[in-house]
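Peer 1: I have a structure I would like to understand better, so I am pasting it below and will then ask my questions one at a time.
The values are calculated or read from the model by the stated rules, or taken from the named source; none is laboratory data. The model shown is predicted, which means the values in this text are computed figures rather than measured ones. Every residue, glycine among them, receives a Cβ derived from its backbone with ideal geometry; neighbour counts consider all protein chains shown. Surface accessibility is based on the protein's heavy atoms, side chains included, excluding ligands, DNA and RNA. Shrake-Rupley method; radii C 1.70, N 1.55, O 1.52, S 1.80 Å.
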Amino acid sequence: MKVVITYGTFDLLHKGHVNILRRAKELGDYLIVGVSTDEFNAIKGKKSYYSYEDRKMIVEAIRYVDLVIPEEKWEQKPDDIKKYNVDVMVMGSDWADSNEFSGLQDLCEMVFLPRTENISTTQIKSDLKA
Ligand code: C2G
């Protein structure tokens, strides 16, 4: 069984999130999603509209997703890869050059997929404010 993992905040779920989850699942048989906790979001400098519990429940409801785990710190990825026997890690292309993902290619296949154009949680929030 080919295990795929991806990580994110997944706040105000939109088609960009669903697109990457669908494409991630297409690369294997079992998709794990590390959803950022509220505390980790603070470390990332993000404040989500929905709490971790709400974002977890929403992501768990997506047909492509088999397991949701908390993403609590940058450094947990190598442990997650070993703990869940991960074959492939998938992230959006905005993470392709990030130091947070360098070195992981020694532990599993790294796949960076094009982001979905013209949609983001930030855009949704600013549109709603207008
Ligand atoms: N994404 C996308 N297209 C968009 C918006 C987001 O493909 N229009 C992807 C991102 O590239 C990411 C995933 O959807 O792979 C989740 O995006 P966010 O919820 O914004 O997560 P992020 O803040 O990028 O957190 O350790 C990794 C971090 O937790 C990733």
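Peer 1: Considering only residues that are more than 10 Å from the ligand (Cβ to nearest atom), assigned to a helix (DSSP H, G or I) and surrounded by 13 or more Cβ atoms within 10 Å (Cβ to Cβ), which ones fall in the range 34-53?
Peer 2: Of everything in the range 34-53, those that are more than 10 Å from the ligand (Cβ to nearest atom), assigned to a helix (DSSP H, G or I) and surrounded by 13 or more Cβ atoms within 10 Å (Cβ to Cβ) turn out to be Asp38, Tyr52.
Peer 1: Determine which member of the set Leu31, Leu21 is under 22 Å from Glu100 (Cβ atoms), assigned to a helix (DSSP H, G or I) and in contact with a Ser or Thr (Cβ under 9 Å, 6 or more places away or on another chain). Show your work before the answer.
Peer 2: Details: Leu31 fails: assigned to a helix (DSSP H, G or I).
The conditions single out Leu21.
Peer 1: Continuing with the same structure: Quick one: Asn118 ticks every box in (1) of a type outside the set (Ser, Thr, Tyr); (2) closer than 13 Å to Tyr7 by Cβ; (3) not in a helix (DSSP H, G or I) except a single one, so which number is it?
Peer 2: Among (1) of a type outside the set (Ser, Thr, Tyr); (2) closer than 13 Å to Tyr7 by Cβ; (3) not in a helix (DSSP H, G or I), the lone unmet condition for Asn118 is (2).
Peer 1: Quick check on Arg115: is it under 16 Å from the mean Cα position of the chain (by Cα), within 18 Å of Leu21 (Cβ to Cβ) and open to solvent by 100 Å² or more (accessible area, probe 1.4 Å)?
Peer 2: Working: under 16 Å from the mean Cα position of the chain (by Cα): yes; within 18 Å of Leu21 (Cβ to Cβ): yes; open to solvent by 100 Å² or more (accessible area, probe 1.4 Å): yes.
It is true that Arg115 is under 16 Å from the mean Cα position of the chain (by Cα), within 18 Å of Leu21 (Cβ to Cβ) and open to solvent by 100 Å² or more (accessible area, probe 1.4 Å).
Peer 1: Another question about this same structure. In the range 14-33, what residues are within 9 Å of the ligand (Cβ to nearest atom), surrounded by fewer than 20 Cβ atoms within 10 Å (Cβ to Cβ) and either among the charged types (D, E, K, R) or closer than 16 Å to Glu71 by Cβ (or both)?
Peer 2: Those that are within 9 Å of the ligand (Cβ to nearest atom), surrounded by fewer than 20 Cβ atoms within 10 Å (Cβ to Cβ) and either among the charged types (D, E, K, R) or closer than 16 Å to Glu71 by Cβ (or both): Lys15, Arg23.
Peer 1: Go through (1) open to solvent by less than 80 Å² (accessible area, probe 1.4 Å); (2) among the polar types (S, T, N, Q); (3) in a helix (DSSP H, G or I) for Gln105 and report which single condition fails.
Peer 2: Going through (1) open to solvent by less than 80 Å² (accessible area, probe 1.4 Å); (2) among the polar types (S, T, N, Q); (3) in a helix (DSSP H, G or I) one by one, Gln105 breaks only (1).
Peer 1: Looking only at residues in the range 78-100 that are in contact (Cβ under 8 Å) with a residue 24 or more places away in the chain and closer than 22 Å to Asn19 by Cβ, which one is farthest from the ligand (Cβ to nearest atom)?
Peer 2: Taking the range 78-100 first, the residues in contact (Cβ under 8 Å) with a residue 24 or more places away in the chain are 78, 80-82, 84-92, 100.
Those left that are additionally closer than 22 Å to Asn19 by Cβ: 86-92, 100.
On the way: Val86: 14, Asp87: 18, Val88: 13, Met89: 10, Val90: 7, Met91: 4, Gly92: 2, Glu100: 6 Å.
For the range 78-100, the residue satisfying everything is Asp87.
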